[in-house]
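Worksheet: one structure, shown below.
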Amino acid sequence: MTVVNKLESALASAKSLSGDLKSFSLDTDNQEAKQMFGMLSTNADNMVNMIESRINTLKNEEPQYNQEQ
């Protein structure tokens with residue numbers, strides 16, 4: 001498994017985590033929990049953005065991803 005494949009797997013997990021946390025935030029009436037899940041969801045979204053950025057960087061830098069298909 002290549003680094004990009006591992007990052008793409010981590011990206012999918014981070015997106016799923018973010019969605020779950022948003023769902024938890026919507027499902028609770030407890031304001032403290034709602035705020036906590038919202039903050040954690042924002043953190044997960046930041047992870048998604050950073051992982052996507054790293055994937056794009058690798059795909060631009062690595063010759064095997066620049067080959068025309």
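Over region 3-60, what is the mean sequence separation of C-alpha contacts under 8 Å (at least six apart), divided by residue count, expressed as relative contact order in percent?
Computed value for region 3-60: 45 percent relative contact order.
How far apart, in nm, are two points set 7 Å out from the Cα along the Cα-to-Cβ line at Thr57 and at Asn5?
Each label point is offset 7 Å from its Cα along the Cβ direction, giving 2.3 nm.
Rounded to the nearest 10 degrees, what's the angle between the helix 31-61 long axis and the longest principal axis of the chain, both from Cα atoms, 0 to 90?
Between the helix axis and the principal axis of the chain, the angle is about 0 degrees.
For q = 0.13, 0.26, 0.27 Å⁻¹, what log10 I(q)/I(0) does region 3-60 give under the Debye formula with an equal point scatterer on each alpha carbon and no solvent?
For region 3-60 at q = 0.13, 0.26, 0.27 Å⁻¹, log10 I(q)/I(0) is -0.38, -0.91, -0.95.
Any idea how far the Cα center of region 1-19 sits from the one of region 21-65, in Å?
Region 1-19 and region 21-65 have Cα centres spaced 11 Å from each other.
For the chain, compute the number of Lys pairs whose alpha carbons are separated by less than 19 Å, excluding pairs fewer than 8 positions apart on the same chain.
Lysine pair count for the chain: 4.
We did not get these values from a lab; they are worked out from the coordinates using the rules stated. None of the values given here were measured: they were computed from a predicted structure. Cβ atoms come from the backbone with ideal geometry, glycine included; neighbour counts cover every protein chain shown.
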